[in-house]
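Visitor: A single structure is presented below for examination.
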Amino acid sequence: MDILELMEQRHSVRQYVNKPIEADKRQILVTFVEACNQTSGLHFQLVFDEPECFNSAMARYGKFEGVRNYIVVAGKKSKDLEQRCGYYGEKLVLKAQELGLSTCWVAMSYGKKKCVGHLEPGEKRVCVIALGYGKNQGVAHRSKPMDEVCRYAGTMPDWFEKGVKAACLAPTAMNQQKFMIDLQDGKAVAYCGSGFYAKLDFGIVRYSFKAASGHVLKAGR
Ligand SMILES: Cc1cc2nc3c(=O)[nH]c(=O)nc-3n(C[C@H](O)[C@H](O)[C@H](O)COP(=O)(O)O)c2cc1C
């Protein structure tokens, strides 16, 4: 399936059915996470069949139900930790979507003390991603129109349009979509806005743009 189609199908899912993820899919995800960790130096961990992390007041308040699997999004503390977590986390989210699984990025609505996952000294857990078979497929978020999130002169190249479309489909915390993408001298450059988890969002947006357009989305200053 075309990656943009996968992105169109992906929505945050907060309610899950009690259907274990099959062994073959677990193995694909484990291998995928290992490869991401190797490339990125991050320390993502898959947790299967563990209902306690989402058995908390925060999770219930966030209307989460039946979450038994999740990805611990973590890595060594550094200036760009959040952004790298966003980039590789979204790569994983789309892999899960391809496998017929649903996801939800979760920075607030989970039991932080109950979260299983091992942190090495100097590492930080940035958030988790809920994972499993959804009770529903979620709903498409309201998106800013494309002309509010990108700037270009003349005609928009096809690849740039695909990239911006993917950026608009990307999940962002509270659907804030605080980013701007410019076409400068034939290259895509993005600017990160300020806001809660905006750096994590920025990494998600940069991965989405790259995956759909085939072009790197440089971070502007
Ligand atoms: C970094 C990040 C953190 C998020 N944290 C939460 C959260 O704590 N609780 C929650 O219910 N949703 C959370 N979300 C999900 C967003 O609300 C959701 O992605 C956004 O509304 C867009 O909807 P969509 O993912 O269905 O496209 C988070 C999303 C991102 C990207």
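Visitor: Under the definition of Cα pairs under 8 Å and six or more residues apart, what whole-number percent is the relative contact order of the chain?
Guide: 25
Visitor: State, to one decimal in nm, how far the label point of Val17 lies from the label point of Lys114, with both points 7 Å from Cα in the Cβ direction.
Guide: Spacing of the two 7 Å Cα→Cβ label points: 2.4 nm.
Visitor: Which of the peptides 52-59, 86-93, 201-208 is most tightly packed, and how do the rest follow, going by the mean number of other Cβ atoms within 10 Å of each residue?
Guide: Highest mean packing first, the order is 201-208, 86-93, 52-59.
Visitor: Stretch Asn37-Asp185 to full length: gain in nm at 0.36 nm per residue minus the Cα-Cα span?
Guide: Stretched out fully, the Asn37 to Asp185 stretch lengthens by 50.0 nm.
Visitor: Just to verify a number: FRET efficiency for Arg125 and Trp159, C-beta to C-beta distance, R0 = 30 Å, to 0.05?
Guide: 0.30
Visitor: Next up: Go through the stretch 54-65 residue by residue and turn each phi into a ³J(HN,Hα) via Karplus (6.51, -1.76, 1.60, θ = phi - 60°); whole Hz please, and just put x for glycine and proline.
Guide: So the J values, rounded to whole Hz, are 9, 9, 8, 4, 4, 5, 5, 4, x, 6, 7, 8.
Visitor: If N is the number of residues in the stretch 3-132, what value comes out of its Cα radius of gyration divided by 2.2 N^0.38 Å?
Guide: Cα-based Rg divided by the globular estimate yields 0.99.
Visitor: Let me ask something additional. Once each part is reduced to its C-alpha centroid, what is the distance from the stretch 21-37 to the stretch 146-176 in angstrom?
Guide: Here the two parts' Cα centres lie 30 Å apart.
Visitor: What are the ³J(HN,Hα) values, in whole Hz, obtained from phi via the Karplus relation 6.51 cos²θ - 1.76 cosθ + 1.60 with θ = phi - 60°, for each residue of the stretch 20-35 in sequence order, with x given for Gly and Pro?
Guide: x, 6, 5, 4, 5, 5, 4, 4, 4, 5, 4, 4, 5, 5, 4, 5
Visitor: For an R0 of 41 angstrom, estimate the FRET efficiency from the Cβ-Cβ distance between Ser194 and Ile28 and round to the nearest 0.05.
Guide: E(calc), rounded to 0.05, equals 0.65.
Visitor: Next up: Under Stokes-Einstein, with the Kirkwood radius over Cα pairs standing in for Rh, what whole-number D in µm²/s applies to the chain at 25 °C and 0.890 mPa s?
Guide: D = 139 µm²/s.
Visitor: Please give the residues of the stretch 190-215, grouped as numeric ranges, whose backbone N is less than 16 Å from a label point set 7 Å along the Cα-to-Cβ vector of Glu8.
Guide: In the stretch 190-215, the label zone of Glu8 (backbone N under 16 Å from the point 7 Å along Cα→Cβ) covers 212-213.
Visitor: Still on this model: Between rounded, prolate and oblate, where does the stretch 150-201 land on the alpha carbon gyration tensor, with a ≥ b ≥ c its root eigenvalues, rounded for a/c under 1.5, else prolate if a/b exceeds b/c?
Guide: Working: a/c = 3.04, a/b = 1.89, b/c = 1.61.
Judged from the Cα gyration tensor, the stretch 150-201 comes out prolate (a/c at least 1.5, a/b above b/c).
Bear in mind these aren't lab numbers, they're just calculated from the coordinates by the rules spelled out. Small disclaimer: the values here were computed from a predicted structure and weren't measured. All Cβ positions, glycine included, derive from the backbone under ideal geometry; neighbour counts span all protein chains shown.
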